[in-house]
Amino acid sequence: MSKSGFGQMYRQFSSKLLDLVVTPHVLGEVPTEPTATDVNTITDQPIQQKIVCYVLQNYSRSNALIVDGETRRLKLSPALNPLVIGDHKEKASVLFLQHHDENNLLNPPPHAFPPRLLRLIDVLEQHPEIDIELIPVTVLWGALLQIEI
C-alpha cells in the first residue's frame, strides 16, 4: 500500500474515531462558496473556484481533523484535501502558524515562518493573478456541562 493510501486510511479512521467522542459547534460566521451563477461584474465571466487555506495557530492533528470534518459537513472546500495551485501542490489546505522544526528540535529558533506559508508566498510572487482566501480558525476544546438535580 502506498504511503498516501495509508495516510488517507489513517486520516479516515482517526476522523471516525474523533466523531464518536467529539461534537463540534461552529461559532461565528461560516464562509460560503460562490455558486455557479456568480458572475464577475467587470468581465461577465464566471468566477474561478476559490483557493481556500485554513489557518490554525498551533500544529494539532486533532484540530485539523475537526476542521476537515466541519468543512465537509458544511460543504466547503475540505481542509485536508490537497491544495493545488497550477503546477504547485501541497498535501493539505491547512496552514499551521507555529510548527515543529524537524531539523532543529533541541534548539528551535525563536520564530520561524511555516514552510508551507513560504512556499505559498513564492507561488503568489510568480502568479500575482492568483488569489488565496486565508480563513483563520480557532478550535476551542471543552466539556459539556451536565447538570445534576
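The values are calculated or read from the model by the stated rules, or taken from the named source; none is laboratory data. These numbers were taken from a predicted model, which means no experiment stands behind them. Using ideal geometry, Cβ is built from the backbone for each residue, glycine included, and neighbour counts are taken over all protein chains shown.
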Of all residues in segment 61-82 being in contact with a strand residue (DSSP E or B) (Cβ under 8 Å, 6 or more places away or on another chain) and in contact (Cβ under 8 Å) with a residue 60 or more places away in the chain, which is surrounded by the most Cβ atoms within 10 Å (Cβ to Cβ)? VAL67
Against the conditions (1) hydrophobic (A, V, I, L, M, F, W, C); (2) farther than 25 Å from PRO114 by Cα; (3) at pLDDT 75 or above; (4) part of a helix (DSSP H, G or I), where does LEU20 fall short? Just the number, please. (3)
Kindly establish whether SER93 is under 15 Å from the mean Cα position of the chain (by Cα), under 20 Å from PRO114 (Cβ atoms) and at pLDDT below 90. no
From the options ILE149, ILE47, residue that is at pLDDT below 85, in contact with a Pro (Cβ under 7 Å, 6 or more places away or on another chain) and not polar (S, T, N, Q): ILE47
